[in-house]
Amino acid sequence: MAINRRSFLSIAGLAPAGVSFAGFDASPVKPRSDQPVLRASSAPDVVVVGAGVFGAFTALRLRERGLTVVLVDAYGPGNSRSSSGGETRSLRVGFDDRELYFHWALKAAEYWRTFEQEWKRQLIVPTGSLEISARWTQGMEDTKRIYERLRVPFEVLGPDGLRQRWPQINPDGIEVAMYEPGAFLIKAREAVMASVDAFQEKGGTLRIAQAQPGNTSGRRMENIRLASGERLSASQIVFACGPWLRKVFPELLESRISTPRREVIFFGTPAGDERFGSSYLPVVLEPPRFFTFPNVEGRGLKISIGGTSQQIDPDNVERFVPADVVKKAHDLMSLRFPDLKGQPVVETRVCQYEYTADRHFLVDLHPEYDNVWVVGGGSGHGFKHGPMMGEYAADRIMGRATDRAVDQLFRLRG
Ligand SMILES: Cc1cc2nc3c(=O)[nH]c(=O)nc-3n(C[C@H](O)[C@H](O)[C@H](O)COP(=O)(O)OP(=O)(O)OC[C@H]3O[C@@H](n4cnc5c(N)ncnc54)[C@H](O)[C@@H]3O)c2cc1C
């Protein structure tokens, strides 16, 4: 028997005074082995579908707050098809005029540092982040203004300053550069796996299975349906399926989320040459042309080229990088990093973004149900905010107070 929303809020410690749910222990979560689970139903409080960075941190936070949570992923946490499955993702505070995400990134950076210590795994690689441009753009001016207001450390450099500081970069055609020294890379795939390990250590359950919406009753979804035919009931159901959201709810989301293809190419660095490693070279962005990440753990210097709008199906696309894209990448590398001219491609990846129309995240109840949440729309900048999304989505799901302005920004629209 599934419980209703009133009982759920009671479990979450949010029921009106005097209303309580017998047998529920809301004290801090203990490891699974010694935790008695006394509940009205054997069904979990929450099922989260999708163990990418958004789903994994949402599940972790809910579990840490005392709820029983099952996390379901079709291919496993950090898998190669997922948007979170890359080697590295960058955390830079600056984000044009979108001040909300500056605040989120500042707090997320603290979370990542805390998790790194708590989980005793290296998740962060300090690099700094450098945006270069032929002229001041509106985005750079907005970023600078908000950096100043929030006192985020940054530097502005011209071509001479660039040449002196990072002689590996050729500044031809570049007039202005803005450097955020506190930016870092997150070891993305590893961080997702670490968060899911923490979730399980705290008593959460991971299932590897493909899930679809299940039976409904009025404005409730009673369960999800696994590919095996099994039904998994829960009080609240969260779909954090990233680029798959449009396949899970085609009528609702096909027109609201796009999944453009993005090629990622790693170039070898010369033997014995450390100048392209993270100790010597920052993340370099030249929007909208490309961005590069320095060599981390010998994977090579990573470049991703902007521009394609080709939509991909994350389940079935063959992840080869075509020759014309490889050629373009070679040309850009030779231009900006002349000492890497002629270096071979050592690895390639094909990923996909999951863009909303306005590039804001998407966190909302499904309009047809009172217990089904849609969490996604990372829009090319979601990874770094994973811990913040976990916190925020857990608040929404548990009915806790959140910032109304943020709720509005993240609502389903269009
Ligand atoms: C090339 C590239 C570079 C990027 N760079 C950055 C960056 O530098 N900084 C940054 O912050 N962000 C960056 N991003 C964006 C960031 O990676 C994404 O916003 C984020 O990873 C999205 O996470 P997610 O959990 O929403 O989705 P995903 O990571 O895709 O996770 C969704 C999960 O759901 C599972 N799933 C889907 N459907 C089902 C189903 N029916 N049943 C069960 N499981 C299902 C999948 O297997 C998958 O594991 C980049 C993205 C790309 C593609």
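Quick note: the coordinates plus some simple rules give every number you see, no bench work behind them. Computed from a prediction, not measured in an experiment: that's the story for all the values here. All Cβ positions, glycine included, derive from the backbone under ideal geometry; neighbour counts span all protein chains shown.
Cβ crowding within 10 Å, taken as a proxy for footprinting-reagent exposure, orders Trp136, Trp244 from fewest neighbours to most as Trp136, Trp244. In the range 248-380, the DSSP beta bridges split such that about 95 percent are antiparallel, to the nearest 5. Arranged from fewest to most other beta-carbon atoms within 10 Å of their beta carbon, Leu335, Leu91 become Leu335, Leu91.
Any idea what the alpha-carbon Rg over 2.2 N^0.38 Å comes to for the range 320-412?
Dividing the Cα radius of gyration by 2.2 N^0.38 Å gives 1.61.
Remark on Ile124: its backbone amide H falls under 5 Å from those of Lys187, a criterion applied only to residues 5 or more positions apart or on other chains, H modelled at 1.01 Å from N.
Using C-alpha pairs under 8 Å with a sequence gap of at least 6, the mean separation divided by the residue count of the range 78-132 gives a relative contact order of 21 percent.
Over the range 43-140, the pair-distance histogram of Cα-Cα distances with 10 Å bins from zero comes to 13, 32, 36, 14, 4, 0 percent, rounded to whole numbers.
In the range 206-363, a dipole from Cβ-located charges (positive for Lys and Arg, negative for Asp and Glu) runs towards its positive end, and of Tyr353, Val325, Gly229 it is Gly229 whose Cα lies farthest in that direction.
Here r is the Cβ-Cβ distance between Arg413 and Lys341 and R0 is 51 Å; the resulting FRET efficiency, rounded to 0.05, is 0.65. Ordering Thr269, Thr308 by the number of other Cβ atoms within 10 Å of each residue's own Cβ, fewest first, gives Thr308, Thr269. With coordinates expressed along the principal axes, the C-alpha atoms belonging to the chain extend over 69, 44, 43 Å, beginning with the largest.
On full extension, the segment bounded by Arg121 and Ser279 gains 55.0 nm, given 0.36 nm per residue less the C-alpha separation. Calculate the dipole size of the chain relative to its Cα centre from +1 charges on Lys and Arg beta carbons and -1 charges on Asp and Glu beta carbons; express the result in debye to the nearest 20. Computed about the Cα centre, the dipole is about 620 debye. Coupling constants for the range 188-204 follow from the phi torsions by the Karplus curve (6.51 cos²θ - 1.76 cosθ + 1.60, θ = phi - 60°), and in residue order they are 4, 4, 5, 5, 5, 5, 5, 5, 6, 4, 4, 4, 5, 4, 8, x, x Hz; glycine and proline get x. Taking each residue as 0.36 nm, the span from Leu150 to Ser80 lengthens on full extension beyond its C-alpha to C-alpha distance by 21.6 nm.
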